[in-house]
Amino acid sequence: RVKADTLKGHIRYVQMRAMNTDADKSIIAACNASFGISMSANSYFMFKNCDKNLKVLFPGQETAEIPFGNAALSPASDVTFDHWGRPCSDLNGLTLRNTDTNLTLGTESIRITKNTGFVP
């Protein structure tokens with residue numbers, strides 16, 4: 001439960017950063033998402049400017065990649081947010097998600113709501 005709550009908070013943080021920061025289009029001209037989160041089965045990290053190689057530390061963390069420990073996330077997913085905080089399905093933040101993003105971490109469910117990015 002603690003890992004799921006931490007991930008939910010980090011998703012909300014990534015969304016807030018995206019709504020308060022303009023994307024640096026000098027790196028990728030088509031970049032419309034200043035921040036995103038990449039989630040694999042075993043860990044996740046925040047990235048910026050549509051480039052998963054530009055990892056960013058979460059507050060209070062010493063490394064960019066946060067492990068899930070003995071829990072596994074399914075399915076793996078990359079989510080970027082546009083400047084309105086809407087979740088997008090592509091790294092450039094150009095394609096809005098047309099359905100909610102439903103994830104499972106261990107036995108906990110995590111939902112990123114389409115259109116708003118709300119994480120209950």
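Sum up the lysine pairs in the chain that clear both bars: alpha-carbon distance under 18 Å and a spacing of 8 or more or different chains.
Numbers: Lys8/Lys114; Lys25/Lys48; Lys25/Lys52; Lys25/Lys55.
So the count of such lysine pairs works out to 4.
Would you kindly derive the ³J(HN,Hα) couplings of the stretch 18-25 from the backbone phi angles with the Karplus curve 6.51 cos²θ - 1.76 cosθ + 1.60 (θ = phi - 60°), listing them in order in whole Hz, with x for Gly and Pro?
Each residue's phi maps through the Karplus curve to give 5, 6, 10, 9, 7, 5, 8, 6 Hz.
Output the Cα-based Rg and Dmax of the stretch 1-81 in Å, rounding Rg to one decimal and Dmax to a whole number.
Cα only, the stretch 1-81: 12.6, 40 Å (Rg, Dmax).
Considering only protein heavy atoms, what per residue accessible area in square angstrom results for the stretch 1-86 with a 1.4 angstrom probe? Numbers along the way, then the final one.
Values: 4420 Å² over 86 residues.
Solvent-accessible surface per residue comes out at 51 Å².
Report in % the part of the accessible area of the stretch 61-120 that belongs to carbon and sulfur, leaving out ligands and nucleic acids; probe 1.4 Å.
Values: 1690 of 3290 Å².
So the carbon and sulfur contribution to the accessible surface is 51 percent.
How high is the relative contact order of the chain, in percent, counting Cα pairs under 8 Å that sit 6 or more residues apart?
24
In whole Hz, what ³J(HN,Hα) sequence does the stretch 51-68 give by Karplus (6.51, -1.76, 1.60; θ = phi - 60°), x for Gly and Pro?
Running phi through 6.51 cos²θ - 1.76 cosθ + 1.60 with θ = phi - 60° gives 10, 5, 7, 9, 6, 10, 6, 6, x, x, 9, 9, 10, 6, 8, 9, x, 8 Hz.
The values are calculated or read from the model by the stated rules, or taken from the named source; none is laboratory data. Everything quoted here is computed from the prediction, not taken from an experiment. Only protein heavy atoms, including side chains, enter the accessible area calculation; ligands, DNA and RNA are left aside. Shrake-Rupley method; radii C 1.70, N 1.55, O 1.52, S 1.80 Å.
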